[in-house]
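K.L.:
My questions will all concern the structure given below.
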Amino acid sequence: MITMIGGEMPEYAEEHPPAAGPLYRHLADRLPAGIRVLVAGPHDTGLVRALADRREVTCLLRSRPDAETLSSDAADPTESGLTVLCGTLSKLTDADRYDVVIAFDGVGRLCSPEDTPLDWAESVRLLQRSLRPGGTLLLTVENELGIHRLVDPGTPSASRSADAWNAAAEFGTAPGRADRVAEVLGAEGLPVSGMAALWPLPANPTLLINPETLRYGPLDALAALAANVTATAYSQGSVLSDPRRLAASSVRRGIGAELAPAWLVIAQRATRPTQGIQLPPALFVGGSGVGGSETGGSAAGGSGAAAVTEILGTPDGWLRRTGNGTAEPLPDGHLLEERLLSAALGHDLPELRRLLTGWMTELPLTTAGNVLVDGARFTVLDPGEPERSDALARFAHLLIDGGYHHPWPGITDVVRLIAVLAGAAGLANPTDIPEMSGKEVAPGQRSKEVAAGQPGQETASGPRGQDAVAGHQGQEALPGQREQLLQVAALRRQLADAEERSRFFEVELEKREAELGRAKTQIAAFSGNLGYRAAKAGLVLARAARNRIRKGR
Amino acid sequence: MHHGNHFYGHAHVLAEYCGLDPADPPRVEGYLQHGWNVVDGLGAGTPYAPGLPIFVWSERTRRRAWSMNRPLATVTGAPFLYLLRSLAEPEPETPREGTIWYPFHGWEGQKVSGDHHRLIDEITATEDGPITFCLYWNEFEDSRIRALYEKSGRVICHGYRGYMRMRTDARFLHNQLAELRKHRRVASNRLSTAILYGTAAGCEPAVYGDPMYLDREDTSTPDRIRREWPELHGSAPEPERARATVLAELGDGHLASPAELRAILGWPA
């Protein structure tokens, strides 16, 4: 059922995807049954359905087409607990009060053009009014200076999308730090009881870490997770520079919360915070749950929710607990990819060879971005991620595409670099390694045959050379524009070198040709050619005659 | 590539290490450092094809090469270390004794000038065991100089390093290693490649005596070498410290596996 509250957008359907994903779903699932929930702004249908399962849910959407779609999707009689309000935020009356207001999409898509534009604080104030006293607000706040913005080649202040009638972007009024968000909400009568930083994108986060954990938690492992989830999110599209490095190093170096793409806030309409939803130290969506989460989330029973792994601090150390309840120690250590890059940048050949050898011996089918290394121990970071037969080739691409310094600067061809890396990894016959098949390895083929130089059937036909390079595209995070500029500069340098080299060789060739000419003359002289001998004899006689004449003078 | 890659049979030694035919090493895609130096790994005036790597011995040389606008320097370690690795030291028939002494030498382009008499006197006064003088080929072929040294010890030559790929003695380093392994000490009047090789081969190093000079030689470089590596100078430097420095200069710990080296040099697998 749709209620038109006024100010709706009759033709416009949201252009950008709604807030979605297993992480938001996981949080929604923690809400108690039987409560009244307002879902403000565009949210994934699967998420709304899951909420409406045992709760009375009202959705607020500004787009009429979206409201109709949601309403017809939810026409199932068993989901009668769903009401759709269509209109702009300021038309929301406080006649209805809710136990929980969910705004995982933030407050940016609540107002329509019919409304006076509202800034962040005004929007939050309106949401607050629809909470009953003691009610809980779950709000995502986009960090307008977050990593996703820093690497975005477009700028929101120049957005041409149809809902950018007021594109304030970084000139907006939303707080720029997690603690300021809490301060502002507190001042609005919404004391904050829970706060967490989100990666890799506000609309579909797959990693949540609370600020305390970012301060005192296992930073290397968390940095590895941040890089890992970022890599997955940026497997397509264009970026200014590789966001994985920024994500990992900001977490490791203590400014993870400041540069996180968004913050999730749990606040209560109360004089002081009360016990509501508790956020664990960290949550992440592993393997199968990453990407394609819309479909995962909409499946009844939610396989997406099961993919969420919780990270818990215990007196015995950090544990990770998967959706099925099994807990195991959180593997410690540093992301292999970063260790490899740092050894390559430092020209630390012994360390680079040690890491490559350990990796190719222990986990040859796991990409470097999914391996933690702690001394001599190599552990898979996310066991849900599919195995790859071209893990080493991917690292070679990263070195070249990323413009990283490495100990073999003369090698610019990726296939040769793969051979060098394979040699450095102790693989006896590098040509045997499946260089670029780019295929996921079939389950059951987890053997170490790659390391043993006996590629499996599917990998033996792996293409080489140019095909291989093309095959690589689109599977790894794309090189950023900065990296592309570096590549252009590198190619210019290589071209200049090649031109200069060809001139160098021409000079060398001329020298050799002159030498050859002299040698040919000598050969002719000794080869018994009659004409030559006659001419030579004539020359000798002529010289002798000349000398005699000179002497006689 | 450059004929310097064949000097002293370096390319041949590396080919053998890589499991290829040592008699016919493939073309190296770059330039091998053929002797120890304190510049970018290549000798001054080497005609250098742009855009090709220099395969230098040590990380220190690579850094220096970078600072000298040679960004493609690649550390592979000295070919002599590859030889040392593949030729295990045989059980000596007789224990190591005496000193192998390498008087500083000139080359095709520059002759060395100095007082050989005075140098020999100083050597015989310092060394207490038998002395083997190893002369460079051009001085070995100079009967006058050779006769001077023959009065005070055994005189040898490791062979001709080769020039323009002609007359290359591919066994040069093998000969040198075999000789070094017979001696307890290795000495010279200049810190040079031979001292590094000798030390790596297990000799105690010494650098003393009239350093002599090449025609038109800029003396600031030899002065700098003496200042920079004091632990290798003197008639009896502390052997362990000297050895650590020498191994670092030769790139010990940086040697590539045969497969890696083949890929680096652009050789077939």
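The values are calculated or read from the model by the stated rules, or taken from the named source; none is laboratory data. Everything numeric here is computed off the predicted structure, so don't read it as measured data. No Cβ is skipped: glycine too gets one built from the backbone with ideal geometry, and neighbour counts run over all protein chains shown.
K.L.:
Take residues that are farther than 30 Å from A:Arg503 by Cα and tell me which of the helices (runs of 4 or more DSSP H) falling wholly in the range B:28-142 contain 3 or more.
P.N.:
Values: elements: B:59-67, B:79-86, B:116-126, B:137-140.
Helices (runs of 4 or more DSSP H) meeting the threshold: B:79-86, B:116-126, B:137-140.
K.L.:
Moving on to the next point. Got at least one residue in the range B:1-24 being among the aromatic types (Phe, Trp, Tyr), within 13 Å of chain A (Cβ to nearest Cβ) and surrounded by fewer than 17 Cβ atoms within 10 Å (Cβ to Cβ)?
P.N.:
First pass over the range B:1-24, keeping only residues among the aromatic types (Phe, Trp, Tyr): B:7-8, B:17.
Remaining after also requiring within 13 Å of chain A (Cβ to nearest Cβ): B:17.
Next cut, surrounded by fewer than 17 Cβ atoms within 10 Å (Cβ to Cβ) only: none.
Within the range B:1-24 (the criterion being among the aromatic types (Phe, Trp, Tyr), within 13 Å of chain A (Cβ to nearest Cβ) and surrounded by fewer than 17 Cβ atoms within 10 Å (Cβ to Cβ)), the answer is no, since none of the residues qualifies.
K.L.:
Scan A:Leu372, A:Leu392, A:Leu363, A:Leu381 and give me the residue that is under 18 Å from B:Arg262 (Cβ atoms) and surrounded by 20 or more Cβ atoms within 10 Å (Cβ to Cβ).
P.N.:
A:Leu392
K.L.:
Among the numbered criteria (1) more than 14 Å from chain A (Cβ to nearest Cβ); (2) of a type outside the set (A, V, I, L, M); (3) without any contact (Cβ under 8 Å) to a residue 12 or more places away in the chain, which one does B:Ser257 miss?
P.N.:
With respect to (1) more than 14 Å from chain A (Cβ to nearest Cβ); (2) of a type outside the set (A, V, I, L, M); (3) without any contact (Cβ under 8 Å) to a residue 12 or more places away in the chain, B:Ser257 is out only on (1).
K.L.:
Can you name every one of the strands (runs of 3 or more DSSP E) wholly within the range A:321-439 that holds 1 or more residues which are within 10 Å of another protein chain (Cβ to nearest Cβ) and of a type in the set (Asp, Glu)?
P.N.:
Numbers: elements: A:327-329, A:371-374, A:377-380.
Here the list is empty.
K.L.:
Here is a list: A:Ile433, A:Ile418. Which entry is at pLDDT 90 or above, β-branched (Val, Ile, Thr) and crowded, with 20+ Cβ neighbours inside 10 Å? Steps first, please.
P.N.:
Values: A:Ile433 fails: at pLDDT 90 or above.
When all the criteria are applied, what remains is A:Ile418.
Each row is one residue, and each column tells you yes or no for (1) in contact with a Lys or Arg (Cβ under 6 Å, 6 or more places away or on another chain); (2) without any contact (Cβ under 8 Å) to a residue 60 or more places away in the chain; (3) not assigned by TED's automatic domain parsing to the domain that holds A:Ala182.
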{"position": "A:Gly81", "(1), (2), (3)": "no, yes, no"}
{"position": "A:Val84", "(1), (2), (3)": "no, no, no"}
{"position": "A:Lys91", "(1), (2), (3)": "no, no, no"}
{"position": "A:Asp99", "(1), (2), (3)": "yes, no, no"}
{"position": "A:Leu110", "(1), (2), (3)": "no, no, no"}
{"position": "A:Asp115", "(1), (2), (3)": "no, no, no"}
{"position": "A:Arg129", "(1), (2), (3)": "no, yes, no"}
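K.L.:
Here is a follow-up. Only one of A:Arg253, A:Arg245 is farther than 23 Å from A:Gly286 by Cα and basic (Lys, Arg); which? If you could, list the steps in order and put the result at the bottom.
P.N.:
Numbers: A:Arg245 fails: farther than 23 Å from A:Gly286 by Cα.
Of A:Arg253, A:Arg245, the one residue that is farther than 23 Å from A:Gly286 by Cα and basic (Lys, Arg) is A:Arg253.
K.L.:
Let me ask you something else. Report, by residue number, each residue of the range B:238-251 that is crowded, with 20+ Cβ neighbours inside 10 Å and either within 10 Å of chain A (Cβ to nearest Cβ) or farther than 13 Å from B:Leu196 by Cα (or both).
P.N.:
B:Gly251
K.L.:
For the range A:487-506, what are the residues that are among the aliphatic types (A, V, I, L, M) and at the interface with another protein chain (Cβ under 9 Å from one of its Cβ atoms)?
P.N.:
Step one: of the range A:487-506, the residues among the aliphatic types (A, V, I, L, M) are A:488-491, A:495-496, A:498.
A:Ala496, A:Ala498 - these are the residues of the range A:487-506 that are among the aliphatic types (A, V, I, L, M) and at the interface with another protein chain (Cβ under 9 Å from one of its Cβ atoms).
K.L.:
Here is a list of conditions, (1) within 12 Å of chain B (Cβ to nearest Cβ); (2) modelled with pLDDT under 90, and A:Gln445 meets all of them except one; can you say which number that is?
P.N.:
(1)
K.L.:
Mind listing just one residue for me: the one in the range A:109-123 that is among the aliphatic types (A, V, I, L, M) and touching a Leu at 6+ places or on another chain (Cβ under 7 Å) and, of those, modelled with the highest pLDDT?
P.N.:
Quick first cut of the range A:109-123, residues among the aliphatic types (A, V, I, L, M) only: A:110, A:118, A:121.
From what's left, touching a Leu at 6+ places or on another chain (Cβ under 7 Å): A:110, A:118.
On the way: A:Leu110: 95, A:Leu118: 90.
Going through the qualifying residues, I end up with A:Leu110.
K.L.:
A further question on this structure: Collect the residues in the range B:65-112 that are polar (S, T, N, Q) and either surrounded by 13 or more Cβ atoms within 10 Å (Cβ to Cβ) or within 14 Å of another protein chain (Cβ to nearest Cβ) (or both), keeping them in residue-number order. Explain how you work it out, then say what you get.
P.N.:
Kept after step one, since they are polar (S, T, N, Q), are these residues of the range B:65-112: B:67, B:69, B:74, B:76, B:86, B:94, B:99, B:110.
The answer is B:Ser67, B:Asn69, B:Thr74, B:Thr76, B:Thr99, B:Gln110.
K.L.:
Could you list, in sequence order, all residues of the range B:39-64 that are buried (at least 16 other Cβ atoms within 10 Å of the Cβ) and either closer than 19 Å to B:Leu81 by Cα or among the aliphatic types (A, V, I, L, M) (or both)?
P.N.:
Selection gives B:Gly41, B:Leu42, B:Ala49, B:Leu52, B:Ile54, B:Phe55, B:Val56, B:Trp57, B:Ser58, B:Glu59, B:Thr61, B:Arg62.
K.L.:
Can you confirm whether the range A:112-120 contains a residue that is on the phi > 0 side of the Ramachandran plot and either under 35 Å from the mean Cα position of the chain (by Cα) or of a type outside the set (Val, Ile, Thr) (or both)? Steps first, answer last, please.
P.N.:
Initially, the range A:112-120 is screened for residues on the phi > 0 side of the Ramachandran plot, giving none.
No, the range A:112-120 contains no residue that is on the phi > 0 side of the Ramachandran plot and either under 35 Å from the mean Cα position of the chain (by Cα) or of a type outside the set (Val, Ile, Thr) (or both).
K.L.:
Something else: What number of residues within the range A:1-58 are under 16 Å from A:Ser130 (Cβ atoms) and of a type in the set (Lys, Arg)?
P.N.:
Qualifying residue count, the range A:1-58: 2.
K.L.:
Same structure, new question: Could you grab me the full set of residues in the range B:97-118 that are touching a helix residue (DSSP H, G or I) at 6+ places or on another chain (Cβ under 9 Å) and at pLDDT 90 or above?
P.N.:
Listed by number, the residues that qualify are B:Thr99, B:Ile100, B:Trp101, B:Tyr102, B:Pro103.
K.L.:
Could you tell me whether A:Ala197 is assigned to a strand (DSSP E or B) and touching a helix residue (DSSP H, G or I) at 6+ places or on another chain (Cβ under 8 Å)? Walk me through how you get there before you give the answer.
P.N.:
On the way: assigned to a strand (DSSP E or B): yes; touching a helix residue (DSSP H, G or I) at 6+ places or on another chain (Cβ under 8 Å): yes.
The answer is yes for A:Ala197.
K.L.:
Taking the criterion of being of a type in the set (Phe, Trp, Tyr), away from every other protein chain (no Cβ under 14 Å) and free of Cβ contacts under 8 Å to residues at least 40 places away in the same chain, would at least one residue in the range B:205-219 satisfy it? If you could, list the steps in order and put the result at the bottom.
P.N.:
If we filter the range B:205-219 for residues that are of a type in the set (Phe, Trp, Tyr), which is where we start, we get B:208, B:213.
Still in the running and away from every other protein chain (no Cβ under 14 Å): B:208, B:213.
Next cut, free of Cβ contacts under 8 Å to residues at least 40 places away in the same chain only: none.
Checked the range B:205-219: no residue is of a type in the set (Phe, Trp, Tyr), away from every other protein chain (no Cβ under 14 Å) and free of Cβ contacts under 8 Å to residues at least 40 places away in the same chain.
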